[in-house]
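The values are calculated or read from the model by the stated rules, or taken from the named source; none is laboratory data. Only a predicted model underlies this, so the values are computations on that prediction, with no experimental measurement involved. A quick note on method: Cβ atoms are made from the backbone with ideal geometry, for glycine too, and the neighbour counts reach across all protein chains shown. To get the accessible areas, we keep the full protein, side chains included, count just its heavy atoms, and leave off ligands, DNA and RNA. Shrake-Rupley method; radii C 1.70, N 1.55, O 1.52, S 1.80 Å.
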Amino acid sequence: MTLALVACGSGAKQRTRHAIDHPAFSGDSAYSYVEKQLDFGPRVPGTEEHDSCVIWFVDKLRSFGGEVEVQEGVMVDYAGEKQRVRNIVARFDADSAKSRILLCAHYDSRPWCDEDTEDSWYQPVPAANDGASGVAVLMEVARQLQHKKANGERLRANVDIVLFDCEDMGTPRFLKDIDRQDTWCLGSQLWAKDTSLKGRYNWGILLDMVGAPGATFYREQYSEQMASAYVQKVWYAAADLGYDNFFRDQQAGAIVDDHYYIGKALSIPIIDIIHLDGTTGTFPFWWHTQQDDIQQIDRATLQAVGEVVMSQL
Ligand SMILES: [Zn+2]
């Protein structure tokens, strides 16, 4: 994703916290799903590692009771080349719920560490946070949905989990003479071409870089524009769970991420939960570098994000 502009605004009005029960979610389990993805190696589109990981996603989501489909298509990449895209869609229907929520994350690893030192530019990003973390939280959400169903618990919404491919193939920073537009988020751009999805979702949540120790999530600007009521609902839920140290009630800049294309094309109110560094207002130090590895993953952060998502289901 790219950062269009950053301006951390002031905090919102004071609000009384209403402590709520912590929904079932295992940060340990989510952590193991990060490890599993890293075990494949970087999930760069067009590689065997990517292929193997897709097979694992499909099997795993089916084992959790999801109705799984792979949406396959072709998009043009930064270099003007055709790029095969595979999005994984898993549907979890509740018995009586009428609303439907979209939960999504990208799973591909960026082929270049273009924010790293020059000797690493042509190395893929391990993508523990920027790829595996959001998916890992959603895999654990899927497992929890299965538990809830088995226990006869009522779900407030039907859930579609969508794992996007080719989010992170945007033009490498070291290639200065390419000015092609919309080179990021190829998977969600493909998905958003399906106009039959219009009206299917009441709202949605995108997770991106949600596993780092002490991660901070701000109210991202496109999310505020497209779905401010849902941003507020989710940030309030986080505060009620005691997670306002992660979910900061302050505005951040606009980030061109998968939610931007989905919201624009399909008019789905969708929010992005994404890590920005509170002091610099930009992405964390490990972003698009070799350092985005398992060292940058903390179970406590996965736990917080997972509980906040589960509180909405
Ligand atoms: Zn990225």
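Taken together, the residues in segment 86-142 that are among the acidic types (D, E) and assigned to a helix (DSSP H, G or I) amount to 4. Step by step: first the residues of segment 167-196, then only those that are assigned to a helix (DSSP H, G or I) and farther than 15 Å from G134 by Cβ, then the one that is nearest to the ligand (Cβ to nearest atom). Which residue is that? The residue in question is L186. Could you tell me which residue of segment 129-151 is farthest from W203 (Cα to Cα), considering only residues that are open to solvent by less than 10 Å² (accessible area, probe 1.4 Å) and more than 12 Å from the chain's Cα centre (by Cα)? Once the filter is applied, the top-ranked residue is E140. If I ask for residues that are modelled with pLDDT of 95 or more and either open to solvent by 10 Å² or more (accessible area, probe 1.4 Å) or β-branched (V, I, T) (or both), which ones from segment 93-113 would you list? Scanning segment 93-113 gives R100, I101, P111, W112.
Scanning segment 156-186 for residues that are over 30 Å from E81 (Cα atoms) and touching a helix residue (DSSP H, G or I) at 6+ places or on another chain (Cβ under 6 Å) yields a total of 0.
Restricting attention to segment 284-295, which residues are crowded, with 24+ Cβ neighbours inside 10 Å and either away from the ligand (no atom under 14 Å from the Cβ) or over 21 Å from F164 (Cβ atoms) (or both)? None - no residue of segment 284-295 is crowded, with 24+ Cβ neighbours inside 10 Å and either away from the ligand (no atom under 14 Å from the Cβ) or over 21 Å from F164 (Cβ atoms) (or both), so the list stays empty.
The single condition among (1) over 22 Å from S99 (Cα atoms); (2) in a strand (DSSP E or B); (3) open to solvent by less than 10 Å² (accessible area, probe 1.4 Å) that I205 does not meet is (1). Just one of (1) out of contact with any helix residue (DSSP H, G or I) (no Cβ under 7 Å at 6 or more places or on another chain); (2) among the acidic types (D, E); (3) away from the ligand (no atom under 15 Å from the Cβ) fails for E140. It is (1). Going by what's in this entry, would Y230 be described as touching a strand residue (DSSP E or B) at 6+ places or on another chain (Cβ under 6 Å) and open to solvent by 50 Å² or more (accessible area, probe 1.4 Å)? Yes, satisfied. Scanning segment 258-283 for residues that are open to solvent by 10 Å² or more (accessible area, probe 1.4 Å) and assigned to a loop (DSSP other than H, G, I, E, B) turns up S267, P269, D277, G278, T279, T280, T282, F283.
Quick grid of which residues meet (1) without any contact (Cβ under 8 Å) to a residue 40 or more places away in the chain; (2) away from the ligand (no atom under 16 Å from the Cβ); (3) over 19 Å from V34 (Cα atoms):
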{"position": "R86", "(1), (2), (3)": "no, yes, yes"}
{"position": "A90", "(1), (2), (3)": "no, yes, no"}
{"position": "D93", "(1), (2), (3)": "no, yes, yes"}
{"position": "S96", "(1), (2), (3)": "no, yes, yes"}
{"position": "H106", "(1), (2), (3)": "no, no, no"}
{"position": "P111", "(1), (2), (3)": "no, no, no"}
{"position": "D119", "(1), (2), (3)": "yes, yes, yes"}
{"position": "N129", "(1), (2), (3)": "no, no, no"}
{"position": "V135", "(1), (2), (3)": "no, no, no"}
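Residues that are within 13 Å of the ligand (Cβ to nearest atom), of a type in the set (F, W, Y), open to solvent by less than 60 Å² (accessible area, probe 1.4 Å) and not in a loop (DSSP other than H, G, I, E, B) occur at least once in segment 152-166. For Q303, the criteria (1) surrounded by fewer than 24 Cβ atoms within 10 Å (Cβ to Cβ); (2) assigned to a loop (DSSP other than H, G, I, E, B) hold in every case but one, which is (2). Does segment 171-185 contain any residue that is at pLDDT 95 or above, more than 23 Å from F217 (Cα to Cα) and open to solvent by 20 Å² or more (accessible area, probe 1.4 Å)? No - not one qualifying residue is present in segment 171-185.
Scanning segment 163-182 for residues that are of a type outside the set (G, A, S) and touching a Ser or Thr at 6+ places or on another chain (Cβ under 8 Å) returns F164, E167, D168, M169, T171, I178, R180.
When you check G211 against the structure, is it more than 16 Å from the ligand (Cβ to nearest atom) and under 28 Å from K60 (Cα atoms), yes or no? No, not satisfied.
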